[in-house]
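In what follows, a structure is listed as structure tokens, so that the remarks can point back to it.
The values are calculated or read from the model by the stated rules, or taken from the named source; none is laboratory data. Keep in mind that this is a model prediction, so the values were computed, not measured. As a convention, Cβ positions derive from the backbone with ideal geometry for all residues, glycine included, and neighbour counts pool all protein chains shown. Note: accessible area is taken over every heavy atom of the protein model, side chains too, but ligands, DNA and RNA are not part of it. Shrake-Rupley method; radii C 1.70, N 1.55, O 1.52, S 1.80 Å.
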Amino acid sequence: MSAVGFCGNWIIVTCDKKLFAVHTKEAREPFVFDCSTAEKKPKNTQDEKNSDGGSSEETGSDKVLAFAVSPSGKLLALTDDTKRLVLFSCEPSWHCISIRWVVRRCTSLVFTQAEDELLVADKSGDVYAFSVVEPQKEGELKMGHLSMLLALTVSLDDKYIITADRDEKIRVSHLRSPYNIQSFCLGHRQFVSALQILSTHPHWLLSGSGDGTLKLWDCESGSELQSCDLRQLDETTSSEADKDKDPTVCRITSSTDGQYVAVQCDRVPVLQLFTLTQKDNEKLVPHSRISLPCCPLDVNFDPEGRLWVLMDSSDAPLQIYSLTHSSWECVAHVPELNRVTKAFRPHWETLEASLRTNNRFEQLHKVTFDNVAVYLQKKQQRLEEQQLKRSGGQRAKCNKRAKKETEAVTQPFA
């Protein structure tokens, strides 16, 4: 997974098996963590029998699957394909606090606002809570879904934990007692792939799905406030083969002041930006579109409100867009961008290799089979065949009756 984020004044980029961190303000030594050289899982552990691979030793590709940054920007956690859960501290300097192990491969991570727990969602539909205060303590099962979890977040007051799964469901549960469900946000027609709580509206929740819609919810009541169909945007597809497919929302991010929301769709070279208002009908208003030279891999706002875009390009993998005169313009000559580009240049080959990864949403779309049309066609054929048999039998009876009558007439009297 290739992703971009911010941990305080550090810009974070993950690609393939590595995590890179570069300070955007000071000329500090970049931090690089390679999962392939990290601590291996000990043999004969208690949870070995519960792993995806059965009782054998866990073997994975070491690719980074997800990472999360704490609200204060002082902690970072990542998980990889070998089921590591690594906790870092970036202040005053980068160092690894702990390496723990998860039961299943993870899809999403999030810190609580109090930064006392790290919540982990996995492919089997479970959420585990890992202590940050006790970094060596094993995770505890928090809650579970019946299908794969794809997104996870918490409310700004740490009251609710919000989870989204492959079966179009968004569940809002109480964080301290997840068995107590506050509401369900139902309305998507495909898997829910992205969630975002808005800082200016703590009870508003944004969700993106594989059905090509962006929805705004009141997460406490579960009521839908607004729905935006991203398929109505121009240039919504990057290839002729994808024109008949719904765009999949893979990223929703908001600026620190909560005024702007950026939406990224998978394999679409366009970013859609929205603003939030207090109007009754339209609370989410389209602001502008950013057409990109190629498909983005990830997007995120920095603390100053600029939009960083990780591109599917080996020549210029990072671009910055800034709001200038009510429009978002690409900024080429920025000291932060030059510093980050210079630090990443030796690792561009690794980044370029990670760009060739498969679409992670491709297998999540539900396949529908139109067997009714086939059934009706076969039924019609069966009825026609039965009709032919009946008509053929009736003709045979008529011919037989006519033959008997003819024989009776032509037979001479005794």
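A residue that is assigned to a strand (DSSP E or B), at pLDDT below 95 and buried (at least 20 other Cβ atoms within 10 Å of the Cβ) occurs nowhere in the range 111-120. Cβ-Cβ contacts under 8 Å between residues 6 or more apart (or on different chains), taken from a first residue in the range 285-304 that is more than 17 Å from residue 329 (Cα to Cα) to a second residue that is outside any strand (DSSP E or B) and aromatic (Phe, Trp, Tyr), are absent. Only residues that are at pLDDT 95 or above, assigned to a strand (DSSP E or B), of a type outside the set (Gly, Ala, Ser) and open to solvent by less than 10 Å² (accessible area, probe 1.4 Å): list them for the range 166-212, please. Listed by number, the residues that qualify are 170, 172, 185, 192, 205, 206. Tell me which residues, restricted to the range 121-162, are outside any loop (DSSP other than H, G, I, E, B), within 17 Å of the chain's Cα centre (by Cα) and within 22 Å of residue 81 (Cβ to Cβ). Passing the criteria: 121, 122, 126, 127, 149, 150, 151, 152. Summed over the range 254-265, residues that are in a loop (DSSP other than H, G, I, E, B) and either open to solvent by 20 Å² or more (accessible area, probe 1.4 Å) or within 15 Å of residue 311 (Cβ to Cβ) (or both) total 3.
Of the listed requirements (1) in a loop (DSSP other than H, G, I, E, B); (2) in contact (Cβ under 8 Å) with a residue 40 or more places away in the chain, residue 228 misses just one: (1). Need pairs with beta-carbon distance below 9 Å; first residue among the aromatic types (Phe, Trp, Tyr) and within the range 58-85, second open to solvent by 10 Å² or more (accessible area, probe 1.4 Å) and not in a strand (DSSP E or B); sequence gap 6+ or separate chains. Listed pairs, sorted by first residue: 67/1.
Under the condition of being of a type in the set (A, V, I, L, M, F, W, C) and under 18 Å from residue 103 (Cβ atoms), the residues counted in the range 143-179 number 6. The condition (being open to solvent by 30 Å² or more (accessible area, probe 1.4 Å), of a type outside the set (Lys, Arg) and in contact with a helix residue (DSSP H, G or I) (Cβ under 7 Å, 6 or more places away or on another chain)) is satisfied by just one residue among 314, 291: 314. Just checking, how many residues over the range 153-164 are touching a Lys or Arg at 6+ places or on another chain (Cβ under 9 Å), surrounded by fewer than 22 Cβ atoms within 10 Å (Cβ to Cβ) and touching a residue at least 24 places away in the same chain (Cβ under 8 Å)? Looking only at that region, the number is 1. Just one of the listed residues (373, 408, 414) is part of a helix (DSSP H, G or I), modelled with pLDDT under 70 and exposed (fewer than 10 other Cβ atoms within 10 Å of the Cβ), namely 408. Looking across the range 305-317, the residues that are in contact (Cβ under 8 Å) with a residue 24 or more places away in the chain and either closer than 25 Å to residue 71 by Cα or not in a loop (DSSP other than H, G, I, E, B) (or both) come down to 305, 306, 307, 308, 309, 310.
The numbered conditions (1) out of contact with any strand residue (DSSP E or B) (no Cβ under 8 Å at 6 or more places or on another chain); (2) at pLDDT 70 or above; (3) not small (Gly, Ala, Ser) are all true for residue 361 except (1). Would you be able to tell me the number of residues in the range 303-319 that are over 25 Å from residue 248 (Cβ atoms) and modelled with pLDDT of 85 or more? Total satisfying the criteria: 4. Of all residue pairs spaced 6 or more apart or on separate chains, those with beta-carbon atoms under 6 Å, a first member in the range 195-222 that is among the polar types (S, T, N, Q) and a second member that is open to solvent by 10 Å² or more (accessible area, probe 1.4 Å) and not in a strand (DSSP E or B) are 209/188; 209/190.
Within the range 318-340, residues that are open to solvent by 50 Å² or more (accessible area, probe 1.4 Å) have Cβ atoms under 7 Å from residues that are in a strand (DSSP E or B) and of a type outside the set (A, V, I, L, M, F, W, C) in these pairs: 329/321; 329/322; 330/319; 330/321, counting only partners at least 6 apart in sequence or on another chain.
Please specify each residue of the range 140-152 satisfying the condition of being open to solvent by 30 Å² or more (accessible area, probe 1.4 Å) and under 16 Å from residue 112 (Cβ atoms). Those that are open to solvent by 30 Å² or more (accessible area, probe 1.4 Å) and under 16 Å from residue 112 (Cβ atoms): 140, 142. Does residue 282 fit the bill of being closer than 23 Å to residue 192 by Cα and surrounded by fewer than 16 Cβ atoms within 10 Å (Cβ to Cβ)? So residue 282 passes the test. The numbered conditions (1) under 16 Å from the mean Cα position of the chain (by Cα); (2) assigned to a strand (DSSP E or B) are all true for residue 268 except (2). Selection over the range 61-84 of residues that are of a type in the set (Asp, Glu) and either more than 16 Å from residue 102 (Cα to Cα) or open to solvent by 20 Å² or more (accessible area, probe 1.4 Å) (or both) gives a count of 1.
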